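Accompanying notes for the structure given below.
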Amino acid sequence: MSKALRAAVIGLGWAGGVHVKVLSSLDGVDLVAVADTDPERRVAFDGLRTAADVGELVRIGVDYCVVATPTTEHERISLELAAAGVHALIEKPLASTSAEATRLAEAFDRAGLVAAVGHTERRNAAVQELGARLRNGDYGSVYQVATRRNSPYPARIRDVGVVTDVAIHDVDLATWLTGRHITSVAAQVVHVTGGPHEDLATAVLRLGDDVIADIQVSRVSPSKERIVIVHTAMGCVTADALSRTITYHAHGEIDGDAAASGSLSDVPGRRTTYEVPYAEPFRVQHEAFRDALLGLPNDIVTLRQGVAAVEATEAILTAARTGTSVTFAHAVTSR
Ligand SMILES: NC(=O)c1ccc[n+]([C@@H]2O[C@H](COP(=O)([O-])OP(=O)(O)OC[C@H]3O[C@@H](n4cnc5c(N)ncnc54)[C@H](O)[C@@H]3O)[C@@H](O)[C@H]2O)c1
């Protein structure tokens, strides 16, 4: 049997804690070390080798490292990993600017290392089911994707705003679910907490020539909501990522005259709801990354896809600031 892969996690906050938990029981992987600048955070992971920074961590000797530090630290830490020949799973957003994200993609490409971005919302069981069914053509052509992602204020995320931190999930989902690139972006944002970054945003995207997406995010909501609604030729399908349910509401039958005129029926159609079995999204993501390191088939989110998502969130912020649409001369796609 081949030797277990030696893994590490840098950044031991909320996300790092989940990564440590999953890696502690992942087949084929030994979690050997953790790192954080905060000594109190390191103490919490008794029994593992600990380091105060990425240099110390690299000297312990690891095959790959999860980067779960604040977003503004991703580039510096990940470039050190690439220079040391360490593969990396980097939390979303890949970086706080597209220039930083692009430098990261180039560095890992040049080094011939495996690297991926932690776009875990793709791994939610209901979202996975929705993606598989759309790709299978179960609901016909996609017309529109509408997302709502609302949460109470996360005191720990201060380095970026809700667009860079949260809407990044939805631009990734919109391109991944539709298989189309983003061609233009319009947006508005609101600041409510007095900080330098926006707290609510609404963005309208065009994907390819024929699909639109509307993304609504808030980090000052009293409750949590994670909804993806897809309007298609055959009806409307909703994935609720929190309850892990899929609800499909089919169009009613089209009568002869309406069919001839090409219009849709106003007769209510069949509605079905079902729950998708739970699968821990971080575990699914880690299994894919391990398989990529072992040269097995996998569906990791590549750094190029991570760059595309950051370019899209940057475009949202530019569109909101300038009050004009941002049009892309090149494809921004996440599939
Ligand atoms: N995939 C997801 O669903 C998901 C969910 C939450 C957070 N995240 C991402 O994970 C990252 C971390 O977010 P969080 O919520 O865990 O933040 P957090 O504040 O809870 O934790 C960050 C940790 O990094 C440590 N740290 C800061 N600078 C460091 C450095 N230079 N070297 C080593 N350690 C350092 C801090 O001491 C802290 O323990 C962010 O990029 C965030 O966007 C992803």
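The values are calculated or read from the model by the stated rules, or taken from the named source; none is laboratory data. Because the structure is a prediction, the values reported are computed rather than measured. Note that we place each Cβ from the backbone using ideal geometry, even for glycine, and neighbour counts take in every protein chain shown.
Quick notes on this structure:
- Unique residue being within 15 Å of the ligand (Cβ to nearest atom), touching a residue at least 60 places away in the same chain (Cβ under 8 Å) and either farther than 16 Å from V310 by Cβ or surrounded by 21 or more Cβ atoms within 10 Å (Cβ to Cβ) (or both) when the list is L57, L89: L89
- Test result for R122, within 23 Å of E311 (Cα to Cα) and either more than 18 Å from the chain's Cα centre (by Cα) or not in a strand (DSSP E or B) (or both): yes
- Residue in segment 97-114 that is more than 13 Å from R304 (Cα to Cα), among the polar types (S, T, N, Q), in contact (Cβ under 8 Å) with a residue 40 or more places away in the chain and near the ligand (Cβ under 9 Å from one of its atoms) present: no
- Segment 123-151, subset of a type in the set (K, R) and touching a helix residue (DSSP H, G or I) at 6+ places or on another chain (Cβ under 8 Å), residue surrounded by the most Cβ atoms within 10 Å (Cβ to Cβ): R149
- Within segment 236-252, restricting attention to residues that are at pLDDT below 95 and not in a strand (DSSP E or B), the residue that is farthest from S141 (Cα to Cα) is G252.
- Test: residue in segment 152-170 that is in contact with a Leu (Cβ under 6 Å, 6 or more places away or on another chain), more than 21 Å from A288 (Cβ to Cβ) and not assigned by TED's automatic domain parsing to the domain that holds R226: no
- The residue of segment 20-39 that is farthest from A292 (Cα to Cα), among those that are more than 9 Å from the ligand (Cβ to nearest atom) and of a type outside the set (A, V, I, L, M), is P39.
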